[in-house]
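The values are calculated or read from the model by the stated rules, or taken from the named source; none is laboratory data. The shown structure was predicted, so the numbers you read here are calculated from the model rather than taken from an experiment. Quick reminder, even Gly has a Cβ in these numbers, built from the backbone with ideal geometry, and neighbours come from all protein chains shown.
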Amino acid sequence: MTSPLLAGPGAVPADGPDAGVAAHYGDPHAEQRALAGRWGVVDRSHRGVLRITGADRLSWLHSLTTQLLEQLPAGAATEALILSPQGRVEHHLTLTDDGAAVWLHVEPGEAGPLLAFLESMRFMLRVEPEDVSADYAVLTLLGPEVPPGGLVPGAVGVAGPTGTDLIVPRAELADAVTRLRGAGAALAGMWAHEALRIAAGRPRIGLDTDDRTIPHEVGWIGTAVHLNKGCYRGQETVARVHNLGHPPRRLVLLHLDGSADRLPGRGDPVRLGDATIGSSGSAARHYELGPVALALVKRASPVDATLTVDGIAAAQEVLVSPDTGANVQVDAALRRRGDLMGRAR
């Protein structure tokens, strides 16, 4: 689905996983500054949206995901994961319940596979999951001066990991953006969103994870995983790492040498000397920090070592501590990074 905002002045289409929405509207650094210093709206209408109705919807999702959802109050929002039986991350959900239905959104292209999984787990329960991506779209508000709710009547608000997400009827997407801009929002593209997300240390499934990723490696313990709830698929791995061991890898923020004329690609080897110790994920040019990237590296790699990725020197900033697991919580640096992203809401 192609956003109607791409027909607007200055819009430059994004590619790769963000195809269908704008990368920027003419000045990506100015868009970043607007989001970080004031507030703005980002078109993320390429994301998948699911709606789940039925009396058993919260208890059902509680049993399937890593999050405590049975008593989720109406209007509250949270993150959740669906894991494989081996504890590897298969889906990352951002969701809320409006009192009548659960609304959730996922990465582009993931609504279909998630719906197929949910349908396979319905059994005799009173639940009706539906892919409503063709009818509803996601807008994200970011910045320290985002006004209180009610800016877009009828929108479903979801406090997500990278801002306040609004789920709006797709037919009303352009009108909703016009209303937000009239209230003072700057219009920003995915390049600005991604630069702020990466600098805040917030991973994105499929870009900063792979088919081996477990929640401890990327800092989803505490935000998307509730450690004091009943059984769910993959719980044994979460409990074993949390109580007895450490994950094999850890998420880092790479501050890249700004003299290079390129950014590393996803999956490029991260090296310590001649040894490969990990792979890169998302990369962007931040308006203050310069070029930055997320990467998964071996847990025991020295935290103060200078690394290279695609031949570019990179200083690492710890996001997930090497000591994570064995009852050690997510490193304070990641919490501080989360606070920075929060202030960009």
Residue check for V102: within 16 Å of I167 (Cβ to Cβ), β-branched (V, I, T) and either modelled with pLDDT under 95 or buried (at least 19 other Cβ atoms within 10 Å of the Cβ) (or both): yes
Any chance R197 is in contact with a helix residue (DSSP H, G or I) (Cβ under 8 Å, 6 or more places away or on another chain) and closer than 30 Å to M1 by Cα: yes
Qualifying helices (runs of 4 or more DSSP H) (wholly inside region 168-266; at least 2 residues being under 13 Å from V89 (Cβ atoms)): 235-244
Conditions (1) within 15 Å of S280 (Cβ to Cβ); (2) surrounded by 23 or more Cβ atoms within 10 Å (Cβ to Cβ): number failed by G206: (2)
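Yes/no per residue for (1) under 26 Å from C231 (Cβ atoms); (2) without any contact (Cβ under 8 Å) to a residue 60 or more places away in the chain; (3) charged (D, E, K, R):
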{"residue": "Q86", "(1), (2), (3)": "yes, no, no"}
{"residue": "E110", "(1), (2), (3)": "yes, no, yes"}
{"residue": "M124", "(1), (2), (3)": "yes, yes, no"}
{"residue": "E128", "(1), (2), (3)": "yes, no, yes"}
{"residue": "D131", "(1), (2), (3)": "no, no, yes"}
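Each row is one residue, and each column tells you yes or no for (1) closer than 27 Å to D27 by Cβ; (2) part of a strand (DSSP E or B); (3) in contact with a helix residue (DSSP H, G or I) (Cβ under 9 Å, 6 or more places away or on another chain).
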residue: S282; (1), (2), (3): yes, yes, yes
residue: R285; (1), (2), (3): yes, yes, yes
residue: L294; (1), (2), (3): yes, yes, yes
residue: S301; (1), (2), (3): no, no, no
residue: T308; (1), (2), (3): no, yes, no
residue: A313; (1), (2), (3): no, yes, no
Conditions (1) surrounded by 17 or more Cβ atoms within 10 Å (Cβ to Cβ); (2) more than 24 Å from S59 (Cα to Cα): number failed by N243: (1)
Residue list for region 242-265, filter: closer than 20 Å to T65 by Cβ and modelled with pLDDT of 95 or more: P247
Residues satisfying the stated conditions in region 65-84, i.e. surrounded by fewer than 18 Cβ atoms within 10 Å (Cβ to Cβ) and over 17 Å from T209 (Cα atoms): L68, E70, Q71, P73, A74, G75, A76
Condition met for E128 (among the acidic types (D, E), over 23 Å from T162 (Cβ atoms) and either surrounded by 13 or more Cβ atoms within 10 Å (Cβ to Cβ) or in contact with a helix residue (DSSP H, G or I) (Cβ under 9 Å, 6 or more places away or on another chain) (or both)): yes
Test: residue in region 152-165 that is over 21 Å from P73 (Cβ atoms), more than 19 Å from the chain's Cα centre (by Cα) and not assigned by TED's automatic domain parsing to the domain that holds A283: yes
